[in-house]
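Contents: one structure, followed by commentary.
The numbers here are math on the coordinates, done by the rules we state, and not lab data. Computed from a predicted model, the values in this text were never measured in an experiment. Counting neighbours? That spans all protein chains shown, and the Cβs are built from the backbone with ideal geometry, glycine included.
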Amino acid sequence: MVSKAIALFFVLSSALADTQYQPSTYTYPDTFQQPSYTSPLRTDPYSYQYAVQDVESGNDFSAQESSDGQVVSGSYRVLLPDGRVKVVTYEVEGGSGFVSDVKYEGTPYYSVIPQAKYV
């Protein structure tokens, strides 16, 4: 009896179901507007600096940078593997781009690599 009731339920629900297929619709804007971006005329001034000296790993570098809202200037120093120190000073002003001056301090030295001995 229960199986007949379940079958009758499925038959009635199928008969009463909405059989019209309703495809989804997609609308799009008539015209395309290019997104626009205007950069801020002035940014906030900032300044930072840091230094790292780790004898165990051989890391020795530092950096400093500051901005007055229009001009960004700074420098960084890095100890190179050959013993020299690379010093980069830079400035960025408006649309001029990144202008840098790279200098090297010290004389490079290279340790003698022992030759492998084959038996």
Chymotrypsin sites (Phe, Trp or Tyr not before Pro) restricted to DSSP loop in the range 78-119 with at most 12 other C-beta within 10 Å: Y109, Y110, Y118
The range 68-107 - Kirkwood radius from inverse mean 1/r over Cα pairs (Å): 11.2 Å
Charge dipole magnitude, Cβ of K and R +1, D and E -1 - the chain, Cα centre, debye nearest 20: 560 debye
Stokes-Einstein D for the chain, Kirkwood Rh over Cα pairs, 10 °C, 1.306 mPa s (µm²/s): 70 µm²/s
Computed lengthening from Y76 to K117, 0.36 nm per intervening residue step minus Cα-Cα distance: 10.6 nm
F61 versus A15: modelled label distance in nm, points set 7 Å from Cα along the beta carbon direction: 8.0 nm
Neighbour-count ranking [beta-carbon atoms within 10 angstrom, fewest first] of V102, V119, V87: V119, V102, V87
The range 13-109: trypsin sites (Lys or Arg not before Pro) in DSSP loop, at most 13 other beta carbons within 10 Å: R42
Contour excess over end-to-end distance, with Cα ends at Y90 and T107 and 0.36 nm allotted per residue: 3.8 nm
Principal-axis tilt of helix 2-16 within the chain, Cα atoms, nearest 10 degrees: 80 degrees
